[in-house]
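Q: Quick one: this structure, given as structure tokens, is what I'll be asking you about.
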Amino acid sequence: MNFPSDFIRFLTTAEQVVVLTGAGVSQESGLRTFRDAQTGLWAQYKPEDLASPEAFARAPKLVWDWYAWRREAIKGARPNPGHYALVEMENRIPNFTLITQNVDGLHRFAGSKNVLELHGNIQRVRCSECGMFTETWGDDTEAVPVCHECGGLLRPDVVWFGEALPRGELEAAVRAARACQVFFSIGTSGVVQPAASLAHAARNNGSVVVEINAEPTPLTPRVDYAFHGKSGELLPELVKAVWRN
Ligand code: OAD
């Protein structure tokens, strides 16, 4: 990719950078993006129909099993060159915030430090009644495991449709987006709020907005620079062009 020279120059001196990532960043780690068709057993369900409090109330075992299936896939996944390029960016930029909608934990696994997990983390489990976190639960194949304390059903500590985002993370994300000089939106379809609005908050505060995505999104017409391709290829190329020349 030939990145424009004014963009490269600008990045060389940027002191405050925010990156928002979505499922596309983990696609090259072998994880399916959210809006890809599901496979096998899960092909008949839309993720949106499994990731909600209503779905859990209606069919808790179905929802639990879907997350168990995704947790298993994530267990075998490793960060890809895109994740590592973002670690290098963090090391080069004085004030760097990585905001992710991904629940797979791969940014931290790769070594990113200042990470805001807006949609939670699939490896954490909490009680749907009393909220207590737990790291161990039985794997009874017949029923959803229950809380040691109150007997409530356990659920993944992720944000479902219709639920509020973790307040501290969201506030920090909005603050960072409003303050940054450059805002990257990477591997996200940009259709799920409030994450999608962060790019607009950045733009309204004078930030340069950049998209890196496999294909155009609703955000594309509003960005200063759009680079279309795989993040696992474009991000290492960008880091090389800016910092290793
Ligand atoms: P999506 O599945 O909606 O979008 C993934 C985007 O990544 C698409 O635009 C793809 O074109 C792009 N993509 C795929 N492979 C790529 C690659 N190798 N490099 C770069 N881009 C690639 O996933 P998200 O935008 O993350 O929320 O979805 C946002 C939220 O919607 C999720 O966090 C989840 C879901 O509902 C909740 O569960 C609350």
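The values are calculated or read from the model by the stated rules, or taken from the named source; none is laboratory data. Predicted model only: the values in this text are computed from it and were never measured. Because the Cβ atoms are built from the backbone with ideal geometry, glycine has one as well, and the counts that use them run over all protein chains shown.
Q: Here is a list of conditions, (1) away from the ligand (no atom under 12 Å from the Cβ); (2) within 27 Å of PRO53 (Cβ to Cβ); (3) in contact (Cβ under 8 Å) with a residue 40 or more places away in the chain; (4) of a type in the set (Gly, Ala, Ser), and ALA176 meets all of them except one; can you say which number that is?
A: Among (1) away from the ligand (no atom under 12 Å from the Cβ); (2) within 27 Å of PRO53 (Cβ to Cβ); (3) in contact (Cβ under 8 Å) with a residue 40 or more places away in the chain; (4) of a type in the set (Gly, Ala, Ser), ALA176 violates only (2).
Q: For segment 31-40, indicate whether the set of residues that are over 20 Å from the mean Cα position of the chain (by Cα) and without any contact (Cβ under 8 Å) to a residue 40 or more places away in the chain is non-empty. Write out each step before concluding.
A: If we filter segment 31-40 for residues that are over 20 Å from the mean Cα position of the chain (by Cα), which is where we start, we get 39-40.
When the remaining residues are screened for being without any contact (Cβ under 8 Å) to a residue 40 or more places away in the chain, the result is 39-40.
Checked against the condition, which is being over 20 Å from the mean Cα position of the chain (by Cα) and without any contact (Cβ under 8 Å) to a residue 40 or more places away in the chain, segment 31-40 yields at least one hit.
Q: Of the residues in segment 1-37, how many are in contact with a helix residue (DSSP H, G or I) (Cβ under 7 Å, 6 or more places away or on another chain) and farther than 24 Å from THR97 by Cα?
A: Residues that pass the stated criteria total 1.
Q: Take the conditions among the acidic types (Asp, Glu), within 18 Å of GLN181 (Cα to Cα) and either within 13 Å of the ligand (Cβ to nearest atom) or not assigned by TED's automatic domain parsing to the domain that holds GLU142 (or both) and apply them to GLU90. Does it pass?
A: Details: among the acidic types (Asp, Glu): yes; within 18 Å of GLN181 (Cα to Cα): yes; either within 13 Å of the ligand (Cβ to nearest atom) or not assigned by TED's automatic domain parsing to the domain that holds GLU142 (or both): yes.
Here the answer is yes, as GLU90 does meet what is asked.
Let's see how each residue does on (1) farther than 26 Å from ILE93 by Cα; (2) within 20 Å of the chain's Cα centre (by Cα); (3) among the β-branched types (Val, Ile, Thr):
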| position | (1), (2), (3) |
| --- | --- |
| VAL125 | yes, yes, yes |
| ASP157 | yes, yes, no |
| VAL174 | no, yes, yes |
| ARG178 | no, yes, no |
| ASN213 | no, yes, no |
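Q: Need the failing condition index for GLN44 against (1) crowded, with 16+ Cβ neighbours inside 10 Å; (2) more than 27 Å from ALA177 (Cβ to Cβ), just the number.
A: Unmet for GLN44, out of (1) crowded, with 16+ Cβ neighbours inside 10 Å; (2) more than 27 Å from ALA177 (Cβ to Cβ): (1).
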